[in-house]
Amino acid sequence: MKRLTILGATGSVGASTLDLVARNPERFQIQALTAGKDWRKLADLAVAHAARAAVIADEGAYAPLKEALADTGIDVAAGEQALVDIARQPVDLVVAAIVGAAGLPPTLAALQAGTSVALANKESLVCAGQLMTATARRTGAELLPVDSEHNAIFQVLEDRDRISRILLTASGGPFRTWTSEAMAAVTPAQAVKHPTWSMGAKISVDSATLMNKGLELIEAWHLFGVRPDQLGAIVHPQSLVHGLIEYIDGSVLAQLGPADMRVPIAHALAWPERIATPVERLNLAAIGRLDFEEADRQRFPALALAEAAMRAGDCRPCVLNAANEIAVAAFLEGRIGFLDIASIVAETLEALPSRCPENLEDVDEADRRARDRAQHFVKISRNRSFAVQRARG
Ligand code: NAD
Ligand code: MG
């Protein structure tokens, strides 16, 4: 029996994880569930999965959550510190499924406590990869990749010293074949409609800009300890081949599977064993063909920005991530255009100096400054687009 804590239980990865937990009651038991703001959904899930504790990040949601779980015997807590505290509690596996850099403190706390982590929260690794991997090595905690591409690489990883290249696939997103002019007018509803995966809003927008693939290259850099020049991304619209490793002898090992997050999540939950999942099976004859093409960094500059940040190292990936979180939120609120996302990330990277983060405080500081600066660029780009609209009449 594995005891699990799920950080970000009310999200898309949280739901897929809980689906697998419910199908395997003899294997998994829920210790704690957490959420950002949605106390109603958290309360329902905590009851349905007989959790011992429910923790909500939003302190204002403490009272209604406490009330909703009165007489259930489920412990209730709220606030960022409470998230860190619950992540430190001994369990067999913490599933890190919070979106954004907000997931870093509790995920790091789990690793510091020596608890293995099934990691979906790529932003934590992008911001503080060295810190997280060094902590895992020190405490002996396993860092098990849930992100489908990284889970694929983990599954075909044989001999780290004999890798020549790692390739991550990208669907190309909903605008793969669109011109930049057409992308300028994209709405949030169009951007979150992913062609092959069903996911939370932020990662869906990241997939549409290809920033997601950029964040994933940085994630792979930390997870697999290869050089940036050994990492590549290739567009594969069917999303059936998830990741490939080319070894020095020319052999290429790839992992294939349906575009259903329950496959990589099941792998991370059961590792080093495997469990059955109810996902649709691949029918290669019906699929007929697998297509691959180069990513277009002119139309999708976010990918090139992330690759440059990875090569530069220091705080660049953290600044890139923070600026992207601000810009994506502004886009989803209808405050800026789709193409402004990458522009704001580029402007923020240019505006801020970079130095090597030594600890969590340094990462926090870089993250905070990048958010402030990106907010400033959001305002400027709003004014710019109002001016354009006024000029047009
Ligand atoms: P989501 O938006 O559906 O869910 C996010 C979860 O985090 C929710 O439970 C939410 O309540 C919680 N949360 C949000 N802000 C918070 C905060 N400030 N403090 C504490 N909790 C907070 O997101 P998702 O699509 O499930 O993605 C989660 C993570 O997994 C992301 O890092 C994403 O990049 C990664 N990921 C997701 C998928 C996918 O298929 N959805 C695939 C690969 C990787
Ligand atoms: Mg992925």
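Gly214 satisfies every condition listed in (1) in contact (Cβ under 8 Å) with a residue 60 or more places away in the chain; (2) farther than 25 Å from Ala136 by Cα except (2). Against the numbered list (1) within 30 Å of Pro272 (Cα to Cα); (2) in a helix (DSSP H, G or I); (3) in contact with a strand residue (DSSP E or B) (Cβ under 7 Å, 6 or more places away or on another chain), Leu33 comes up short only at (2). Output the residue which, of all residues in the range 155-176 that are touching a residue at least 24 places away in the same chain (Cβ under 8 Å) and in a helix (DSSP H, G or I), is farthest from ligand 1 (Cβ to nearest atom). Applying the filter and picking the extreme gives Arg162. Residues of the range 112-133 that are within 20 Å of the chain's Cα centre (by Cα) and either open to solvent by 30 Å² or more (accessible area, probe 1.4 Å) or more than 13 Å from ligand 2 (Cβ to nearest atom) (or both): Thr115, Ser116, Val117, Ala118, Ser124, Cys127, Ala128, Gly129, Gln130, Leu131, Met132, Thr133.
Mind checking whether some residue in the range 217-235 is over 29 Å from Asp161 (Cα atoms) and away from ligand 2 (no atom under 12 Å from the Cβ)? No: zero hits.
Within the range 284-307, residues that are of a type outside the set (A, V, I, L, M) sit with their Cβ atoms under 8 Å from residues that are exposed (fewer than 12 other Cβ atoms within 10 Å of the Cβ), at 6+ positions apart or across chains, in these pairs: Arg299/Thr179. What do you reckon, is Asn324 assigned by TED's automatic domain parsing to the domain that holds Arg297 and open to solvent by less than 20 Å² (accessible area, probe 1.4 Å)? Against the criterion (assigned by TED's automatic domain parsing to the domain that holds Arg297 and open to solvent by less than 20 Å² (accessible area, probe 1.4 Å)), Asn324 qualifies.
A single member of Val95, Val99, Val76 is open to solvent by less than 20 Å² (accessible area, probe 1.4 Å), modelled with pLDDT of 95 or more and β-branched (Val, Ile, Thr), and it is Val95. When Ser381 is tested against (1) more than 30 Å from Asp19 (Cα to Cα); (2) open to solvent by 30 Å² or more (accessible area, probe 1.4 Å), exactly one condition is not met: (2). Of the residues Ala286, Ala295, only one is over 28 Å from Pro105 (Cβ atoms), open to solvent by 60 Å² or more (accessible area, probe 1.4 Å) and modelled with pLDDT of 95 or more; which? Answer to the selection: Ala286. Within the range 236-261, if we keep just the residues that are outside any loop (DSSP other than H, G, I, E, B) and either without any contact (Cβ under 8 Å) to a residue 24 or more places away in the chain or closer than 11 Å to Ile163 by Cα (or both), the residue that is least open to solvent (accessible area, probe 1.4 Å) turns out to be Ile245. Note on the range 135-176: among residues that are under 20 Å from the mean Cα position of the chain (by Cα) and open to solvent by 40 Å² or more (accessible area, probe 1.4 Å), the one that is farthest from Glu216 (Cα to Cα) is Glu142. With respect to (1) open to solvent by less than 40 Å² (accessible area, probe 1.4 Å); (2) polar (S, T, N, Q); (3) more than 12 Å from ligand 2 (Cβ to nearest atom); (4) within 28 Å of Ala9 (Cβ to Cβ), the lone exception for Ser198 is condition (1). Identify, by number, the condition in (1) open to solvent by 40 Å² or more (accessible area, probe 1.4 Å); (2) more than 30 Å from Ala134 (Cβ to Cβ); (3) within 16 Å of ligand 1 (Cβ to nearest atom) that Thr179 doesn't meet. With (1) open to solvent by 40 Å² or more (accessible area, probe 1.4 Å); (2) more than 30 Å from Ala134 (Cβ to Cβ); (3) within 16 Å of ligand 1 (Cβ to nearest atom) applied to Thr179, the lone miss is (3). Criterion applied to Ser16, Ser12 was being surrounded by fewer than 20 Cβ atoms within 10 Å (Cβ to Cβ) and within 16 Å of ligand 2 (Cβ to nearest atom), and the one residue passing it is Ser12. When the residues of the range 217-235 are filtered to those that are in contact with a Lys or Arg (Cβ under 6 Å, 6 or more places away or on another chain) and either free of Cβ contacts under 8 Å to residues at least 12 places away in the same chain or within 16 Å of ligand 1 (Cβ to nearest atom) (or both), the one that is farthest from Pro174 (Cα to Cα) is Glu219.
The values are calculated or read from the model by the stated rules, or taken from the named source; none is laboratory data. What you are looking at is a predicted structure, and each value in this text was computed from that prediction instead of being measured. All Cβ positions, glycine included, derive from the backbone under ideal geometry; neighbour counts span all protein chains shown. These area figures cover heavy atoms from the full protein model, side chains too; ligands, DNA and RNA do not enter into them. Shrake-Rupley method; radii C 1.70, N 1.55, O 1.52, S 1.80 Å.
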